[in-house]
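The block underneath contains the structure these notes are about, expressed in structure tokens.
A short reminder: the numbers here are calculations on the coordinates, not readings from a lab. All figures in this text were calculated on a predicted structure; none of them were measured in a lab. Ideal geometry is used to build each Cβ from the backbone, glycine not excepted, and the neighbour counts take in all protein chains shown.
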Number of protein chains: 2
Amino acid sequence: MPLWFNRCYAGGVLISDLPTPCALVDLEQLERNVRRIADKARRLGVRLRPHVKTHKCVEIARIQTDLHFGGVTVSTLAEAHAFAAAGFTDITYAVPIAPQKIAEAADLHCEIDVLNLLVDHSDTVRAIEETAASRGLVLPVFLEIDCGGGRSGIHPDDERVEQLARRMFEADSIEFRGLLTHAGHAYRARSRSEAFEVACEERNLMTALAAQLRDLGAPVVELSVGSTPGMRAIDDLSGITEVRPGNYAFYDATQAAIGSCELDEVAFSVLATVISVQPEYGRAVIDAGALALSRDPGPVHVDPDCGFGRPVAVEDQHPLPGLRLSALAQEHGTLAGPGIEALRPGTLLRILPNHSCLAAACFDRYHVLRGSEVVDEWRPVRGW
Amino acid sequence: MPLWFNRCYAGGVLISDLPTPCALVDLEQLERNVRRIADKARRLGVRLRPHVKTHKCVEIARIQTDLHFGGVTVSTLAEAHAFAAAGFTDITYAVPIAPQKIAEAADLHCEIDVLNLLVDHSDTVRAIEETAASRGLVLPVFLEIDCGGGRSGIHPDDERVEQLARRMFEADSIEFRGLLTHAGHAYRARSRSEAFEVACEERNLMTALAAQLRDLGAPVVELSVGSTPGMRAIDDLSGITEVRPGNYAFYDATQAAIGSCELDEVAFSVLATVISVQPEYGRAVIDAGALALSRDPGPVHVDPDCGFGRPVAVEDQHPLPGLRLSALAQEHGTLAGPGIEALRPGTLLRILPNHSCLAAACFDRYHVLRGSEVVDEWRPVRGW
């Protein structure tokens, strides 16, 4: 039997039969990851509206929303259309909408129960008012708050928060839904306790801001927060109505490094084949490069030598401590370190990506493993 | 007329009608880029075998190979299949082949004139010999040399170069084609003159190595080199038979920074819409994030503040010096700098990506512009 033929199990399709690079989803681990967060959301008394941008995959969202109210969060209108077509009727498009996309979003809102929109600028509020009024619609809209991530959203101290909340509450063509935030800076945490601090701050800031707006006569129905590090760390979400974590279905090497999960909880990996071995120079090359893993630099704030993903054993995903994915070209991943001698052309490895959301988006299909068997093939949504 | 409606021209499809983010190919600029390198290859007396991994697009490869011998270079078997199906019959798969893929490659070789393979390890040579012999085939194979890039390929001083060359030359089931290298370190150049040095070194090293092998009785038919920075810089390729630049069809912000092109020669850009503006905090957000631009860090060795791509004007691609694409999330690109005040939600921008090969691979289609008109839609190959 040739060396590269790592036969992993006896029945059904073999991992070693899969073309590389390809995307593997460990279904049992995914189910455990999903169940833990679903249970936690129930225990903390918040609605779970998972962000499906991580996987863009209807089958996974069905597992995530099982026993919950069925709402999902999306990052593109393409996702919104695909999930609506698959029967999801309560969707939040959690990126500030471009004025040019309001008409398309309004059409989709009319086809399902609700498509919540997000804004942080008066021009966009005006554009929504105009579109909704011209069609005799009332469109549901969240105001985005920047709770410290420094991306989109209005700073909570900014007077525009009150202005826009009041304006939307008073507009005939807008149903002001409440406030939404994403503590993106939770990813800059170095441990679960640091993520806990960020999540507490996010919660406190949002509940205080909602109280302030309610005092001013702008009723805030929903308070929507969430990131995977925060949701894994937090133990009290009093006052919050909804959480939107996404990455927790898969996790990745970054989440493991910052304490959101253990490495063996990562449910998404990229299968790769060794194509070049130069032990004299301490390196080997796999056929998974930047187009299969993304160029996400990973948790360099925790581990400057983290590399571009974590190589693990193909059979059971155990760590290969000697190996480091030190460089990526388009179709080449360079492995460095003392584990090189054990590799030969044809050896299969799995790579736990630094950022599973970006790595998963490299693939048109996921090979679904239950235990050691390839049981299904799922197709994610692509594009915008 | 709303502010975001940047009407660019009067007839046909408008850029402003395109959904964002989307990929734009400036056809006239692409034709100029292609013609310059095609002319140069003829002038220098080398065959041009363009690397199609940059665009993965049959229409563009047809322009590149016009008036040349018609050969192309690919980085995946998926590209090889797609280009073979489109009528390309002379293809080099310029990534060391995984042993598991040899049978598939042999099948494709039988369907067209030639599919050249690449190796740098004796295990792979043996696997090719076995597959070819079992089918009564003779498979054409290049030996990869590492001329300084430090990725795949054997170091020129390594005794395995002679061993493998001789073995392949003597094998009944292999047609030893010659030596192939890619001076990936040309991308670490800071100017065209530094790229010139790298390209001269690449040429000299390869011609010397070929002479040495020929003296030892291992005939080297082909000497294949090439990178876009090297091809733009070099003025003499004596002794080299073939060049394989790829990026020159599009160029990108990195090539401009290291002196391979001017910014206005970049023929690929990503159209994006401003979705959030916070001038008080010196930032705005566009709807092109890591899934539309890739997370390529760009030419940080030349400009540590280069950001994740170069924002340019939508109409004529002129630079917007105040603006910097300072951060990327999955679907958010953060703009920083003094140019923010001029932006409003809905403003269209183009982004010249740091690495057009990775950015182009984010899209399922390219919108092709001739002058200011959208004249076509091309579909790149995906997957492996």
Original post:
A:I97's amide H: which non-local residues (gap 5+, or another chain) put their own amide H closer than 5 Å, with H modeled 1.01 Å from N in plane and none for Pro or chain starts?
Top reply: A:L118
Original post:
What ranking do B:333-343, B:249-259, A:327-337 get when scored by the average of other Cβ atoms within 10 Å per residue, highest first?
Top reply: B:249-259, A:327-337, B:333-343
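With 20 Å as the cut-off, how large is the P(r) tail for the range B:1-134, expressed as percent of Cα-Cα pairs?
Details: 5183 of 8911 pairs.
Every Cα pair in the range B:1-134 considered, those over 20 Å come to 58 percent.
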Original post:
What average number of partner chain Cβ atoms lie no more than 10 Å from the Cβ of the residues making up A:290-297?
Top reply: 5
Original post:
With each label point set 7 Å from Cα along the Cα-Cβ vector, what nm distance links A:D172 and B:R42?
Top reply: 6.9 nm
Original post:
Where does each of B:D90, A:D215, B:D39 land when they are ranked from fewest to most other beta-carbon atoms within 10 angstrom?
Top reply: A:D215, B:D39, B:D90
Subject >> Surface/4 estimate of mean projected area, convex hull on alpha-carbon atoms of the range A:123-243, nm² >> reply: 7.3 nm²
Original post:
Using θ = phi - 60° and the Karplus curve 6.51 cos²θ - 1.76 cosθ + 1.60, what whole-Hz ³J(HN,Hα) does each residue of the range A:330-346 get, with Gly and Pro shown as x?
Top reply: 3, 10, 10, x, 8, 9, 10, x, x, x, 4, 4, 6, 8, 9, x, x
Original post:
Nearest 0.05, what FRET efficiency do B:R126 and B:F69 give at R0 = 30 Å with Cβ-Cβ as r?
Top reply: 0.45
Original post:
For chain A, how big is Rg over Rh, using alpha carbon atoms and the Kirkwood form of Rh?
Top reply: 1.02
**OP:** Apply the Karplus parameterisation 6.51 cos²θ - 1.76 cosθ + 1.60, with θ equal to phi minus 60°, to every residue of the range B:68-81 and state each ³J(HN,Hα) to the nearest whole Hz, in sequence, with x for glycine and proline.
**Re:** 10, 6, x, x, 9, 10, 10, 10, 9, 5, 4, 4, 4, 4
Original post:
GNM, chain B, Cα, under 10 Å: largest mean-square fluctuation among B:F83, B:F69, B:F169?
Top reply: B:F69
Subject >> Those lysines that a straight Cα-Cα span of less than 23 Å connects to B:K56, excepting residues fewer than 8 apart in one chain >> reply: B:K40, B:K101
**OP:** Determine the sum of side-chain charges near A:T20: Lys and Arg each +1, Asp and Glu each -1, restricted to other residues whose C-beta is under 14 angstrom from that of A:T20.
**Re:** -1
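I'd like to know how the range A:28-248 sits against the 2.2 N^0.38 Å rule of thumb: what's its Cα Rg over that expected value?
Working: Rg = 16.6 Å, N = 221, 2.2 N^0.38 = 17.1 Å.
With N residues counted in the range A:28-248, Rg over 2.2 N^0.38 Å equals 0.97.
Please get the size of the charge dipole for the range B:27-248, origin at its Cα centre, with Cβ charges of +1 on Lys and Arg and -1 on Asp and Glu, quoted in debye to the nearest 20. Mind showing how you got there, number by number?
Working: 26 positive and 33 negative charges, 166 e Å.
Roughly 800 debye for the range B:27-248.
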**OP:** List the residue from chain B whose beta-carbon is nearest to the axis that rotates chain B onto chain A, together with that distance in whole Å.
**Re:** B:R295, 2
Original post:
So, in Å, what gap is there between the alpha-carbon centers of the range A:197-273 and the range B:155-233?
Top reply: 53 Å
**OP:** With a point put 7 Å past each Cα toward its Cβ, work out how far B:S238 is from A:V375 in nm, to one decimal.
**Re:** 6.7 nm
Original post:
Placing +1 at every Lys and Arg Cβ and -1 at every Asp and Glu Cβ, with all other atoms neutral, what dipole size does the range A:1-136 have around its Cα centre, in debye to the nearest 20?
Top reply: 580 debye
**OP:** Answer with one residue from B:A313, B:G226, B:A106: the one whose Cα lies farthest towards the positive end of the charge dipole of chain B, charges on Cβ with Lys, Arg +1 and Asp, Glu -1.
**Re:** B:A313
**OP:** Out of all DSSP beta bridges with both ends in chain A, state the antiparallel percent to the nearest 5.
**Re:** 50 percent
Original post:
Under the Karplus relation 6.51 cos²θ - 1.76 cosθ + 1.60, θ = phi - 60°, what is the ordered set of whole-Hz ³J(HN,Hα) values for the range B:222-228, x standing for Gly and Pro?
Top reply: 10, 10, 10, 10, x, 8, 5
**OP:** Using just the helices of the protein assembly as shown, give the 222 nm mean residue ellipticity in deg cm²/dmol: DSSP H runs with n ≥ 4 each add -39,500 (n - 2.57), and the total is spread over all residues, rounded to 500.
**Re:** -9000 deg cm²/dmol
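Taking N as the number of residues in the protein assembly as shown, what is its Cα Rg relative to 2.2 N^0.38 Å? Please list the in-between numbers first.
Details: Rg = 26.7 Å, N = 768, 2.2 N^0.38 = 27.5 Å.
Normalised Cα radius of gyration, the protein assembly as shown: 0.97.
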Subject >> Nearest-20 debye value, the protein assembly as shown charge dipole, Cβ charges on Lys, Arg, Asp, Glu >> reply: 0 debye
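Let me know the mean shielding of A:318-330 by other chains, meaning the per-residue number of their Cβ atoms within 10 Å of its Cβ.
Average per residue, whole number: 2.
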Original post:
Which one of B:I97, B:L139, B:F268 has its Cα pushed farthest toward the positive end of the charge dipole of chain B, where Lys and Arg give +1 and Asp and Glu give -1 at the Cβ?
Top reply: B:F268
Original post:
A:N204 versus A:Y281, label points 7 Å from Cα toward the beta carbon: distance in nm?
Top reply: 5.4 nm
**OP:** List the residues whose amide H sits under 5 Å from the amide H of A:S152, counting only those 5 or more places along or on another chain, with H placed 1.01 Å from N in the peptide plane.
**Re:** none
**OP:** Would you grab the residues whose amide H sits under 5 Å from the one on A:L323? Only those 5+ places off in sequence or on another chain, please, with H modelled 1.01 Å from N.
**Re:** A:G339
Original post:
GNM on chain A, C-alpha springs below 10 Å: top fluctuator among A:G184, A:G230, A:G136?
Top reply: A:G136
Subject >> Around B:D316: net Lys/Arg minus Asp/Glu count, Cβ-Cβ under 11 Å >> reply: -2
Original post:
Between the range B:28-42 and the range A:309-346, how many Å separate their Cα centres?
Top reply: 39 Å
Original post:
Which value, in Å to one decimal place, does the Kirkwood hydrodynamic radius take for the range A:211-284 when every pair of different Cα atoms is included?
Top reply: 16.0 Å
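Just counting partner chain Cβ atoms within 10 Å, what average do the residues of peptide A:265-276 show around their Cβ? Don't skip to the answer; put the middle values down first.
Details: counts 0, 0, 0, 0, 0, 0, 0, 1, 5, 5, 13, 14.
Partner-chain Cβ atoms within 10 Å, mean over residues of A:265-276: 3.
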